[in-house]
Amino acid sequence: MNDVINTIMGHRSVRQFKEAPLSGDQVETIVKSAQMASTSSYLQAYTIIGIKNRSVKAKLAELAGNQTYVEKSGHFFVFCADLHRHQLAGQMENVHVTESLQTTEKFMVAVIDASLAAQNAALAAESIGLGICYIGAIRNHIEEVSTLLKLPDYVIPLFGLAVGIPAEETGQKPRLPLENVYHEETYETDETKLTAQLSEYNETISSYYEKRTNGRRNDRWTEQMARMLAVPKRIGIKTFLKSKLYMKKN
């Protein structure tokens with residue numbers, strides 16, 4: 001395998017960082033790498049906000065459920081879906097673009113563009129020896145995060161990326177069986193086969209947790225997912241999106 005694939009295959013979430021800031025060169029490399037991701041129709045519909053200020057990181061850590069590694073990261077990146085500059089482009093060219101920007105399709109484009117850019121950023125960071133952890137929990141209090149970061153209409157915070165020097169070696173969680181996520185030609189609809197694959201994966205995950213926690217935990221993946229999905233979360237997101245002028249059209 002080449003170095004790129006080795007970096008991909010070596011991914012793991014890092015939640016313990018040495019309290020050392022990233023250098024300006026490291027930040028620039030990560031952001032420029034993010035910018036080289038594919039983008040739908042050249043829209044580049046995202047913005048990345050870098051947080052160095054310790055007090056701002058501390059506030060974001062609090063809003064994300066008191067995840068201390070947000071505060072202690074070397075640099076915290078917030079990836080935002082952003083159609084604000086496209087609104088400005090329409091104004092500059094005297095073209096009415098609002099109806100297009102407010103479609104569900106353009107919302108999806110902005111989310112996908114931001115996600116592709118973020119994964120490039122994550123790979124760039126890991127390739128230079130840094131650790132990363134995605135933080136979706138900034139959406140727990142999405143309005144407060146938006147206000148804190150002074151986000152205008154058409155800009156919404158999607159997730160954070162904590163980056164820094166790993167303070168310890170972390171384990172790697174086993175992924176779903178390839179057959180469970182990769183289907184050829186059509187979707188595999190044989191639920192007996194899919195359930196058997198998930199049962200096998202349950203055993204793998206249960207053993208992983210039991211070993212990692214010295215027997216204090218051995219829950220199955222399907223058990224974990226069912227428990228998490230039993231109670232809807234962040235149900236105010238749709239209202240917030242519309243307040244930012246997203247998805248107001250079909």
Number of positions in segment 83-126 that are part of a helix (DSSP H, G or I), aliphatic (A, V, I, L, M) and closer than 18 Å to K249 by Cα:
5
Of the residues A37, A58, which is surrounded by 12 or more Cβ atoms within 10 Å (Cβ to Cβ), in the same structural domain as I138 (by TED's automatic domain parsing), touching a residue at least 12 places away in the same chain (Cβ under 8 Å) and not in a helix (DSSP H, G or I)?
A37
Output for Cβ contacts, cut-off 7 Å, separation at least six or different chains, first residue free of Cβ contacts under 8 Å to residues at least 40 places away in the same chain in segment 204-222, second among the small types (G, A, S) and part of a helix (DSSP H, G or I), reads N218/S206; D219/S206; R220/S206
Single residue of T147, T192 found to be assigned to a helix (DSSP H, G or I), in the same structural domain as T103 (by TED's automatic domain parsing) and surrounded by fewer than 16 Cβ atoms within 10 Å (Cβ to Cβ):
T147
A124 is checked against (1) without any contact (Cβ under 8 Å) to a residue 60 or more places away in the chain; (2) assigned by TED's automatic domain parsing to the domain that holds S38 and fails just one. What number does that condition carry?
(1)
Might you check whether a residue that is of a type in the set (D, E), at pLDDT 95 or above and in contact with a strand residue (DSSP E or B) (Cβ under 9 Å, 6 or more places away or on another chain) occurs anywhere in segment 135-144?
no
Collect the residues in segment 172-187 that are acidic (D, E) and closer than 18 Å to S199 by Cβ, keeping them in residue-number order.
E179
How about segment 108-127: which of its residues are out of contact with any Ser or Thr (no Cβ under 7 Å at 6 or more places or on another chain) and buried (at least 21 other Cβ atoms within 10 Å of the Cβ)?
A110, A114, A117, A118, A122, A125
Expected single match for over 27 Å from I5 (Cα atoms), surrounded by fewer than 16 Cβ atoms within 10 Å (Cβ to Cβ) and touching a Phe, Trp or Tyr at 6+ places or on another chain (Cβ under 7 Å) among N218, N214 is N218
Residue among V78, V31, V70 that alone is part of a strand (DSSP E or B), modelled with pLDDT of 95 or more, surrounded by 15 or more Cβ atoms within 10 Å (Cβ to Cβ) and β-branched (V, I, T)
V78
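The values are calculated or read from the model by the stated rules, or taken from the named source; none is laboratory data. Because the structure is a prediction, the values reported are computed rather than measured. Methodologically, a virtual Cβ is constructed for each residue, glycine included, from the backbone with ideal geometry; neighbour enumeration extends over all protein chains shown.
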